[in-house]
2 protein chains.
Amino acid sequence: MLNEYKKIDEKDIEYLKSVLEEDRVFVGKDISEDFSHDELGSVKKMPEVLVEVINADEVSKIVKYAYDNNIPVIPRGSGTGLVGASVPVHGGIMINLCRMNKILEIDEENLTLTVEPGVLLMEIAEFVEEHDLFYPPDPGEKSATIGGNINTNAGGMRAVKYGVTRDYVRGLEVVLPNGEIIELGGKVVKNSSGYSIKDLICGSEGTLGIVTKAILKLMPLPKKAISLLVPFPNLTKAIETVPKIVKSKTIPTSIEFMERDVILAAEEFLGKKFPDSAADAYLLLTFDGNSTEEIEKDYESAANIVLNEGALDIFIADTDERKEAIWSARGAFLEAIKASTTEMDECDVCVPRNKIAEFINYTYKLQDKFDIRIKNFGHAGDGNLHVYILKDEMTEDSWNKKLPEVFKCMYKKARELKGQVSGEHGIGYAKKKYLNEQIGEANLTLMRNIKLAFDSKNILNPGKVCY
Amino acid sequence: MLNEYKKIDEKDIEYLKSVLEEDRVFVGKDISEDFSHDELGSVKKMPEVLVEVINADEVSKIVKYAYDNNIPVIPRGSGTGLVGASVPVHGGIMINLCRMNKILEIDEENLTLTVEPGVLLMEIAEFVEEHDLFYPPDPGEKSATIGGNINTNAGGMRAVKYGVTRDYVRGLEVVLPNGEIIELGGKVVKNSSGYSIKDLICGSEGTLGIVTKAILKLMPLPKKAISLLVPFPNLTKAIETVPKIVKSKTIPTSIEFMERDVILAAEEFLGKKFPDSAADAYLLLTFDGNSTEEIEKDYESAANIVLNEGALDIFIADTDERKEAIWSARGAFLEAIKASTTEMDECDVCVPRNKIAEFINYTYKLQDKFDIRIKNFGHAGDGNLHVYILKDEMTEDSWNKKLPEVFKCMYKKARELKGQVSGEHGIGYAKKKYLNEQIGEANLTLMRNIKLAFDSKNILNPGKVCY
């Protein structure tokens, strides 16, 4: 949809300053360059004005004003996205939600946590653990905000056993594109009361509404967890084991896969040794439960399977120290790969679990075909791959030519395997083309109609997902 | 939305007979009266024509024809709904999906089951159990179709631990109101690829699209289950124990509550004895897991809590015989109450778990105030109550006057307690008024916009949910 948006002028700035305090409205060179991009980097544009909000009422007033005046509004959290979803590609007002960062309530009788959108994932983890409770979604980027996680429907490592962010959102307060504030769901466990707008907001990447409060479902904290680091002679052997583990009816909390050179990059990046780096490829299996006996049975069964399937060894991480060594490396993979090259882009496809090996082998072929470095790691247990395409010393021209070709091949392959464009990073700005190709005309038209049902003027985070 | 729909004529019947075989198109007195209503009974209207379909292509052709000719289309499964969602209140073509009842595939590597919409819940349970797998959603009505369950987002008994139907729908094939067939999701565990239309279809009561195939998530079958039947001196004492169990971080698979006279009604209805009926009220707690030791710890902890809170005794049901005696009674509650009166209607509110006692005590007050018999049973563990208002020997006039007043009070109370109009039965035709009052203008407008985004002519199951 082509829109003629109104450019920000002095009158708009005056209005924003009348709603907020003056020191929470930024223009021109007072806006840090950070706000022009997310972690993807290659999509850049400065907002015309940046505002910091502290409550839903402020958000509502600003959005209503923008709606009435046809000005784009872009909600932003920590900016840890990877698809340019929070880049103001059409300019306009960027709303920084990071100061709405209060944990509002923990309700132990209903097992819910009520938070503002700017609370960080790591803050939630720490807070609920103190109450012997557990918020299962566990994306790698712990400094992401919960608002961002809800908007991408992030999944993370534990999706194998526990599901994704949407499964843990019980209620939302949302500012609609016309400025109205609505409440969706609540502390209730079940809800069949009309269309589930809550579930639609989850994963909508800030294009349908701005989340100003969330009620999250908690669980009792599992008392024990154990990780098995399993070396394999090669990645294919490692990955092919995964559907066999699943079929055995042993469900680990997470199954991550990693290759030696990603591990070596992480070791270098962190200046810390990984427990083992002799093998070409590894699976990292985690099991959690309430007692050692409960998880022992599961991990023994998984251990038998991996050994039968050609694992070289099994390292058990049951001490905090050893777990820390493994998981800090796992947490640093993205940064380590990033540090190893000049520029990169990523592909976040999700394929059925028994198709992962086929997809990864295909990326090897692309690596050779295009003479480009490609690194994989990710969630073997749920089929969600994080594939990084690295520029290294390639010329700008060559990179700009090769990258879209590589992507095209990858997304085509994902489609063939009945996979999806994104498992958890979303579509944002960068993956729109691939979504369009994947889902077909009827589905795309429907998404666009849904966007207009919320936002007839297309002012909220325009240029993203389907428009 | 007021629509002038086209009435069915000979030409339409001819078209339908050209798409289907002649013996799958029914008109006039060849349509059984059953198709004019669901289990609610009080909302009745015959379809102008009834068709039996056997594949998505047939559904697509019929819906496209109806769309082009402005004829209402009403999808129907087993007709076990309780809110008139499948009643053709504007006439038109009723599509009976019951013959699309094939289990298409079980995929043990991805833990998915692919089914047509007319497969019954009890058929799924039996089929997956043979493969040592488990489909957790467990609504009371086992002869409901999976299509109906998806459309109401039914929850059932095990929602406390396992969540609701939506949580187990990985992918859908859907015929849109204009006849186009789209695929949503798939066998993937994670998906952040544009708006989650799949999650919106779940719970949309046949108003946004017709589900013609579903890919369901399965889990390993828990190897052990045990039920505790716990008598209490009164229902308030029983119910007030529930948030304490939840707070103790022991999560049972289900927590049901029941009163003596509902049990007596079920005993009479079934001609079978319940293990105990001396107490005024009972909680029925179930625990499942992979070993006796695993669940023992949980139920011992729950047993201590209930005894501390005034439970009179604890009956452990660990034999198949005893479990059968309890669960067959629980399964017969609805029918038993129905058989005990002349007519009834129900309220399916879901309130936060720590507000159930307050809500039930309020229904007692309404019973006295309106001199009307009200029976409760339901899912104490998830706050989803099934409250039955009984006509008994009341005159038609009196019933028609009292029933809306009682409902009005109940839904108002639910709103005060931050509950929702429906936990799992949906809104359909009968609860539209209460949904409107509950959710407010902005939310209702949004739902209507979403309906139009799918169905600009409002031909698919019109007169339901929000229109």
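Where a number appears in this text, it was derived from the coordinates with a stated rule and is not lab data. The shown structure was predicted, so the numbers you read here are calculated from the model rather than taken from an experiment. Cβ sites come from the backbone with ideal geometry, for glycine too, and all protein chains shown count toward neighbours.
If Lys and Arg each add +1 and Asp and Glu each add -1, what is the summed charge of the other residues whose beta carbon sits under 11 Å from the beta carbon of A:Glu343? Combined, the nearby Lys, Arg, Asp and Glu give -2.
An ellipsoid equivalent to the protein assembly as shown, defined through the eigenvalues of its Cα gyration tensor, has semi-axes of 43, 34, 29 Å when rounded to whole angstrom and sorted largest first. Taking Lys and Arg as +1 and Asp and Glu as -1, the other residues whose beta-carbon sits under 12 Å from that of A:Gly156 total -1.
Longer than 21 Å from Cα to Cα, which of B:Lys355/B:Lys413; A:Lys217/B:Lys418; A:Lys142/A:Lys418; B:Lys237/B:Lys355 are they? Say none if no pair is. Beyond 21 Å between Cα atoms: A:Lys142/A:Lys418. With contributions of -39500 (n - 2.57) from each DSSP H run of at least four residues, the per-residue ellipticity at 222 nm computed over chain A stands at -11500 deg cm²/dmol.
As an exercise, use a Förster radius of 35 Å and the Cβ-Cβ distance of A:Lys64 and A:Met122 to find the FRET efficiency, rounded to the nearest 0.05.
The value I calculate is 0.55.
Counting neighbouring Cβ atoms within 10 Å and putting the fewest first, the residues A:Arg76, A:Arg158, B:Arg24 line up as B:Arg24, A:Arg158, A:Arg76. Centre-to-centre separation between the Cα atoms of the range B:37-66 and those of the range B:115-167: 23 Å.
Under a model in which nothing but the beta-carbon of Lys, Arg (+1) and Asp, Glu (-1) is charged, the range A:101-218 shows a dipole of about 440 debye around its Cα centre. For the range A:206-254 and the range B:85-109, what is the separation of their Cα centres, given in Å? Using only Cα atoms to place each centre, the spacing works out to 34 Å. Dipole magnitude for the range B:8-96: computed about the Cα centre from +1 point charges on Lys and Arg Cβ and -1 point charges on Asp and Glu Cβ, it is near 280 debye.
Using only Cα positions of the range B:149-250, each an equal point scatterer, no hydration layer, compute I(q)/I(0) via Debye at q = 0.14, 0.16, 0.18 Å⁻¹ and quote the log10 values to two decimals. Taking Cα atoms of the range B:149-250 as identical point scatterers yields -0.70, -0.81, -0.91. Simple point charges give the picture: +1 on the Cβ of Lys and Arg, -1 on the Cβ of Asp and Glu, and for the protein assembly as shown a dipole about the Cα centre of about 1700 debye. Each residue of the range A:439-450 was assigned a 3J(HN,Hα) from its phi angle through the Karplus curve 6.51 cos²θ - 1.76 cosθ + 1.60 (θ = phi - 60°); the sequence is 8, x, 5, 4, 5, 5, 4, 4, 4, 5, 4, 5 Hz, with glycine and proline shown as x. Kindly provide the pair-distance distribution of the range A:224-339 built from C-alpha pairs, with 5 Å bins from 0 and whole-percent values in order of increasing distance. With 5 Å bins starting at 0, P(r) equals 2, 12, 23, 24, 20, 12, 5, 1, 0. The P(r) of the range A:101-218 has a tail past 21 Å containing 30 percent of all C-alpha pairs.
Projection of the Cα convex hull of the range A:8-96, averaged over all directions and equal to a quarter of that hull's surface, yields 5.3 nm².
At an R0 of 51 angstrom, the distance between the Cβ atoms of A:Thr395 and B:Ser248 translates into a FRET efficiency of 0.20.
Between the residues B:Ile245, B:Ile62, B:Tyr362, the greatest Cα displacement towards the positive end of the dipole of chain B, with unit charges on the Cβ of Lys, Arg, Asp and Glu, is found for B:Tyr362.
With r defined as the distance between the Cβ atoms of A:Ser456 and B:Glu268 and R0 fixed at 41 Å, what FRET efficiency is calculated, to the nearest 0.05?
0.10
What per residue convex hull volume, in Å³, do the alpha-carbon atoms of the range B:68-144 yield?
Convex hull of Cα atoms, per residue: 112 Å³.
When B:Lys142 is represented by a point 7 angstrom out along its Cα-to-C-beta vector, the spacings to that point in the other copies are 4.7 nm, nearest first. Inter-copy label distances at B:Glu10, using a point 7 Å along Cα-to-Cβ, come to 7.7 nm with the shortest given first.
So for the range A:101-218: antiparallel DSSP bridges make up what percent, rounded to the nearest 5?
95
Taking the range A:254-287 and a reference point 7 angstrom along Cα→Cβ of A:Thr319, the backbone N atoms nearer than 18 Å belong to A:272-277.
Distances between copies at A:Glu293, taken between label points 7 Å from Cα along the C-beta direction, are 0.3 nm in increasing order. Taken as Cα centroids, the range A:263-295 and the range A:302-331 sit 5 Å apart, rounded to the nearest whole angstrom.
Beyond 31 Å, what share of the Cα-Cα pairs of chain A remains, rounded to the nearest whole percent? I get 44 percent for the Cα pairs in chain A exceeding 31 Å. Other residues whose C-beta falls under 11 angstrom from the C-beta of A:Ile13 contribute a net charge of -4, scoring Lys and Arg +1 and Asp and Glu -1. Between A:Lys418 and B:Trp327, the simple label model (points 7 Å from Cα in the Cβ direction) yields a spacing of 3.0 nm.
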